[in-house]
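Handing you a structure now.
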Protein chains: 2
Amino acid sequence: MMHPLRRFLFLLLVGLLPAAVWSLAPPRFPRPQPRSRPGVNGVGDYEYETRYFRQRLDHFSFPGVGDEDEAAAFFQQRYLVGRGGGWAGPGGPIFFYCGNEGDIAWFAANSGLVWEAAPRFAALIVFAEAIHRYYGESMPFGSKAKAYNDSKSLAYLTAEQALADFAVLLTDLKRNLTAEGSPVVLFGGSYGGMLAAWMRLKYPHIAIGALASSAPILQFEDIVPSTIFYDLVSDDFRRESLSCFLTIKDSWKELDDQGNEQDGLLKLSKTFHLCQTLKTSGDLSDWLSSAYSYLAMVDYPIPSEFLMPLPANPIKEVCINIDSQPEGTSTLERIYAGVNVYYNYTGTVGCFDLTDDPHGMGGWDWQACTEMVMPMSYSEGRSMYPPYKFDYPSYAEDCIKSYGVRPRPRWITTEFGGHNITKVLEKFGSNIIFFNGLLDPWSGGGVLKNISESVIAIVAPLGAHHIDLRPATPDDPDWLVALRESELKIISGWLSDYYGAGGALFQPVADKGSSSS
Amino acid sequence: MMHPLRRFLFLLLVGLLPAAVWSLAPPRFPRPQPRSRPGVNGVGDYEYETRYFRQRLDHFSFPGVGDEDEAAAFFQQRYLVGRGGGWAGPGGPIFFYCGNEGDIAWFAANSGLVWEAAPRFAALIVFAEAIHRYYGESMPFGSKAKAYNDSKSLAYLTAEQALADFAVLLTDLKRNLTAEGSPVVLFGGSYGGMLAAWMRLKYPHIAIGALASSAPILQFEDIVPSTIFYDLVSDDFRRESLSCFLTIKDSWKELDDQGNEQDGLLKLSKTFHLCQTLKTSGDLSDWLSSAYSYLAMVDYPIPSEFLMPLPANPIKEVCINIDSQPEGTSTLERIYAGVNVYYNYTGTVGCFDLTDDPHGMGGWDWQACTEMVMPMSYSEGRSMYPPYKFDYPSYAEDCIKSYGVRPRPRWITTEFGGHNITKVLEKFGSNIIFFNGLLDPWSGGGVLKNISESVIAIVAPLGAHHIDLRPATPDDPDWLVALRESELKIISGWLSDYYGAGGALFQPVADKGSSSS
């Protein structure tokens, strides 16, 4: 297992690193899959209009008029407006999806709930693929190359700016639609869920409530143990099979040992069907670890194409493959049989290219090196990884070397809170649903307990990463259908409260029966 | 009466304008008086230690490490820590005054309540003269000249940055004092009151409550009528004497007419004992209007030296002077007799220098030209001024001409809300006291009604600008003593709630009897 610093140095040495492209060892949120095909699982079946909004690069300072005229002071932010949702018109609800660090295929796969629920509330859908600046098409400075050029051009890629983007866009949109009285409900999953929750906390006047799905807003500093993420990944594997868990746990040393043997890297490359010979066994470790993390995030009870085309309960499938090899199969051959489920479920991959990271590099690495510092360790007992303790100095050093930027590890909690969140939000928050699936390793940083009557935690013991937001399918288990209904019922309550208080012109068309189940 | 644009153009023409120094017609908040002497009214009797905190110039972006090393990325923010307050120690309360657009004399005159109340709660006082960046000694770029050089250097003079300053400073301070469990109570008056309220709204995890005194957080866009400020000024004069009100109302035309006569400006200059001959009668109108506005703000029932050395009930004194002149005294001579109370109560001024603006020019003008756009008009019926309708285009044009910056008139309500504040704060706010004195023209933009059980409006019909915060004096009327006690009782309740919930180590030393009355 390669530690972050080692991995970074290795990547530097082998020259794989364009200026702003490298990977931190901490896990990322799921990211869009270039291979995902629209149309599967309902993905991409939604109709929308693409619009652009002239957004300010820096909401928190004031450029001179001369500088303001420069193209760099603004960028075109893409947003999508749903079609055919049967919006009630001005005064009717607006469902607003807070865009993530992702691109269009991802948002579509991610947001079925919003599309499917909107007609029941006669809500306008405003969407939000690449609404987060610096992602998708919403590039400052005119192009991704320019936006990602250096720390100067990346300086405005922050959550605070993104939230202000949402506030300005929504305010302007409502004014243009003469819909100032329209209640806005926010949706978001993963990092987008964090943004939805923070949006509600920082801009309660902009939206009446937020569904924050799988939003690890507590994964900062020492609020939750730094080991929790990988412990939960490990739990997911142990839950399926202790022998599977133990095989993985044993594999790291074998992998390292074999890597150190003569021709070991060649052997490893053959065992794992790699296209190119490994330069270091750590590269392979990272590839495997990455698969386990993503598998835990998308351990859905139904087939999905969210990250990779995957069967239902993919971890179970991985473990079956690991466990069911004939006696005498080596640990590493078992491991290969397992990850094959993740990287090659369709069976179409001839060899694996470790440098071909389908999740891409990008803005999140910068964000992790600036404000989104989420400490990650491997625990000694519970995890299936070799022990590792998060080491902030070397983390910071990596960031300085690769991005020329120094992280501010305490900024997020200063800006958004997190410590004592129960006490803070009990009196000072309302209308937030925190959904978490306990199979999802990000649930370790989530809000898992009700905070007040209207700041609600919905927890699905068998759910994975924002499963609630995914498009409904005929195979959805009952608990999933039921929890989506619970969420919509709560949202319906927010809207009733709002309209009951005389906030708008229209009554929502609520609870016409479930169209999502 | 000169309209903003005319005044600006005039000032340009006569060449009085250094680059970043000019005056918008909209009234300013009271500002420190170089003539104020510490030691009067208890002012300056408080002991404190001056400290400095290395503060980030821009909280919302990330400079490269190279740029970060430059001095410009940080500045030294001054803050004051009270001495001898008998702080209970780590876990004990911290009273934090949110600094204004002002300097040290002002804060001291402004904050008696905080100093006097702190010992009752065994609270640490953290104070905050020039804690607002770009004021007092807290200058980015090393000097006021450099900080105020142009729109580039002024770009970071915003309320959002100031709030983040407070959050970072408080978080760091508590950590250094091992006082993470200490509840923070915010205080602020005027613009500082707006910051205190916004701080509570945006950073509820940093402080448990806020006393926002005379904070016109609704004085934006169309939330309150743009005429309300000058209507309230006018009401204050009419309340004392209808003939006084009418004399002032008549004076503008006489002043203009006389200014247009041959030798009229010379005559006016003599009537008003000016050191130099007027260049335009508008200059005199502004001087008079400014006096009326400030008089209304500081129309205290006790003598004060807050803006100028003034008697108790100064508007009454002004009106007595205006009304009591012998028959045959001209309108303008009466006006002179009146404003003499304001500009020369001590009788030591030989002649008046209109260019010697004791309130100084400075950051607030920039703030008014960027985010703090408070529309101001003169009404036709109720006011004692000639009708004038706020004209945003010319306002913006002035800002572009003088600062090279374009205002964002809707940004404050986008960022902080304001529309429908009752509805927003009812569910989404707690522990704020909004104090307003109804004689204070800024009360027109204040929160005057209770919003919830813990977002409380305290209104003093006979109070002026943040009179509650002023140091107690033996002459304070009973209602003032009583309302200060009400405020402290509410704050005491916040602290009890906090400690009752097991939030800290110490019990506050509360209600040992009133030391401020």
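The values are calculated or read from the model by the stated rules, or taken from the named source; none is laboratory data. Bear in mind the structure is a predicted one, so any value in this text is a computation, not a measurement. Note: ideal-geometry Cβ built from the backbone for every residue, glycine included; neighbour counts use all protein chains shown.
If I ask for residues that are without any contact (Cβ under 8 Å) to a residue 60 or more places away in the chain and hydroxyl-bearing (Ser, Thr, Tyr), which ones from the stretch B:331-348 would you list?
B:342, B:343, B:345, B:346, B:348
Based on this model, can you work out whether residue A:431 counts as away from chain B (no Cβ under 14 Å) and touching a strand residue (DSSP E or B) at 6+ places or on another chain (Cβ under 9 Å)?
no
Residues to consider are B:445, B:493, B:437; find the one that is in contact with a Ser or Thr (Cβ under 8 Å, 6 or more places away or on another chain) and not aliphatic (A, V, I, L, M).
The unique qualifying residue is B:437.
Follow-up question, since we're still on this one. So in the stretch B:408-427, with the set limited to residues that are hydroxyl-bearing (Ser, Thr, Tyr) and crowded, with 17+ Cβ neighbours inside 10 Å, which one is nearest to residue A:202 (Cα to Cα)?
Filtering first and then ranking leaves B:414.
Could you list, in sequence order, all residues of the stretch B:380-406 that are in contact with a helix residue (DSSP H, G or I) (Cβ under 7 Å, 6 or more places away or on another chain) and hydrophobic (A, V, I, L, M, F, W, C)?
B:384, B:399, B:400, B:405
Additional query: How many of the residues in the stretch A:62-84 are among the small types (Gly, Ala, Ser) and modelled with pLDDT of 80 or more?
3
Restricting to the stretch A:447-505, count the residues that are farther than 26 Å from residue A:423 by Cα, without any contact (Cβ under 8 Å) to a residue 60 or more places away in the chain and among the polar types (S, T, N, Q).
Total satisfying the criteria: 1.
Within the stretch A:347-370, is even one residue over 19 Å from residue B:62 (Cβ atoms), crowded, with 21+ Cβ neighbours inside 10 Å and among the polar types (S, T, N, Q)?
No, there is no match, as no residue in the stretch A:347-370 is over 19 Å from residue B:62 (Cβ atoms), crowded, with 21+ Cβ neighbours inside 10 Å and among the polar types (S, T, N, Q).
Of all residues in the stretch A:148-161 being part of a helix (DSSP H, G or I) and touching a residue at least 60 places away in the same chain (Cβ under 8 Å), which is farthest from the other protein chains (Cβ to nearest Cβ)?
So the residue we want is A:159.
Do any helices (runs of 4 or more DSSP H) entirely within the stretch B:265-371 hold 2 or more residues that are polar (S, T, N, Q) and either assigned by the TED database to the domain that holds residue B:400 or farther than 30 Å from residue B:159 by Cβ (or both), and if so, which?
So the answer is B:281-297, B:331-343, B:363-370.
Continuing with this model, one more query. So how many residues does the stretch A:162-218 have that are assigned to a helix (DSSP H, G or I) and under 24 Å from residue A:373 (Cβ atoms)?
Residues flagged as assigned to a helix (DSSP H, G or I) and under 24 Å from residue A:373 (Cβ atoms) within the stretch A:162-218 amount to 17.
Here is a further query. Within the stretch B:145-183, take every residue that is under 22 Å from the mean Cα position of the chain (by Cα) and charged (D, E, K, R) and give me the one that is nearest to residue B:496 (Cα to Cα).
So, considering only residues that are under 22 Å from the mean Cα position of the chain (by Cα) and charged (D, E, K, R), the one nearest to residue B:496 (Cα to Cα) is B:165.
For residues that are among the aliphatic types (A, V, I, L, M) and crowded, with 19+ Cβ neighbours inside 10 Å, scanning just the stretch B:225-246, find the one that is nearest to residue B:445 (Cα to Cα).
B:228
Against the conditions (1) away from chain B (no Cβ under 14 Å); (2) surrounded by fewer than 22 Cβ atoms within 10 Å (Cβ to Cβ), where does residue A:193 fall short? Just the number, please.
It is condition (2) that residue A:193 fails.
Residues of the stretch A:232-264 being part of a loop (DSSP other than H, G, I, E, B) and under 16 Å from residue A:337 (Cβ atoms), which ones?
Across the stretch A:232-264, the qualifying residue is only A:241.
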